[in-house]
Every structure is written in C-alpha cells, then in structure tokens.
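Notes follow once the structure below has been shown.
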Amino acid sequence: NDDLGRFERGRQFEGDYRWEARGGLYLKALSRVSKDGTEPDLRAFLSESTTLGPLDTDVAYGLSWLIVHFFITGEQQKHRMKFQNWLLTTADSEKGDSVLGAVGLPTEDLRTALVNHRKQLQSASN
C-alpha cells in the first residue's frame, strides 16, 4: 500500500527545496471557478466538446486530476479496480468502453461525486 497521500496537496519540501503540490493548486483552481455555484460542464469536458469553451490550464488539468483521484481513492476506493481494469484493457482502444461505462457511473452521478470529493479534499487540507 503506497503512501502517496503526502504528495497530493499542500506545501512540500525536500531539503531546502519547497513547493506547492500540484493537487493543491488544482483544487484551488477548481474552487475558483466553482465559487458562483457552477461547475465546468463535465459531459462536454469528457467528450472534448468545443462547446466547453476555453479553460485555464490549471482548471483543465485539475478536472483530469480530480476524476482520476476520485476513481482511485473516492468512495472508499469503490471504483478503483474497475478503473484500473479499464486503463489496462480498453483505454487505448478506439472502440473501447468509455471510462464512465467501465465503472458504471452516469455522468450526472459522477458530477455530483466529484463536487463532493473536491469538497472533502479541500476540507482535509485546511
């Protein structure tokens, strides 16, 4: 069981070198765009739709990071094995299942789960 949690968020250091973990920066970017109660359009993001409009880099990477983090650690790792299996078997196949189909989550359920997961991560880092 790898202890990757220490690299996820917050201030990091090794010797004299100090930095902010990317996960923390992504959570701040996602919080910034979610302040007015709206979330980026997850369906458009997952389908690479042009209707999504431009996202700043930290928001785009942040959504990707949050989705993967949720599939690996969220809901007591409920989706981890299905997600890993999808990555290893069909993620590179043009006709493979979508990740949502592979883990058995409708888009709206994932959207709700991601909002909750983001809030849990933020409260844990405060």
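The values are calculated or read from the model by the stated rules, or taken from the named source; none is laboratory data. Everything numeric in this text was worked out from a predicted model, so none of it was measured. Note that we place each Cβ from the backbone using ideal geometry, even for glycine, and neighbour counts take in every protein chain shown. For accessibility, only protein heavy atoms count, side chains too; no ligands or nucleic acids. Shrake-Rupley method; radii C 1.70, N 1.55, O 1.52, S 1.80 Å.
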Using a 1.4 angstrom probe with every protein chain in place, what is the largest-first accessible-area order of Thr112, Thr90?
Thr112, Thr90
Estimated distance in nm for a label pair at Thr89 and Asp109, the labels positioned 7 Å out from Cα along Cα-to-Cβ
1.9
1/(1 + (r/R0)^6) with r = Cβ-Cβ of Gln77 and Asp16, R0 = 22 Å, i.e. FRET efficiency to nearest 0.05, evaluates to 0.05
Using the structure shown, select from Lys35/Lys78; Lys28/Lys82; Lys28/Lys119 the pairs with a Cα to Cα distance greater than 21 angstrom.
Lys35/Lys78; Lys28/Lys82
Gain in length, Tyr61 to Gln120, computed as 0.36 nm per residue apart minus the alpha-carbon separation, to one decimal in nm?
19.4 nm
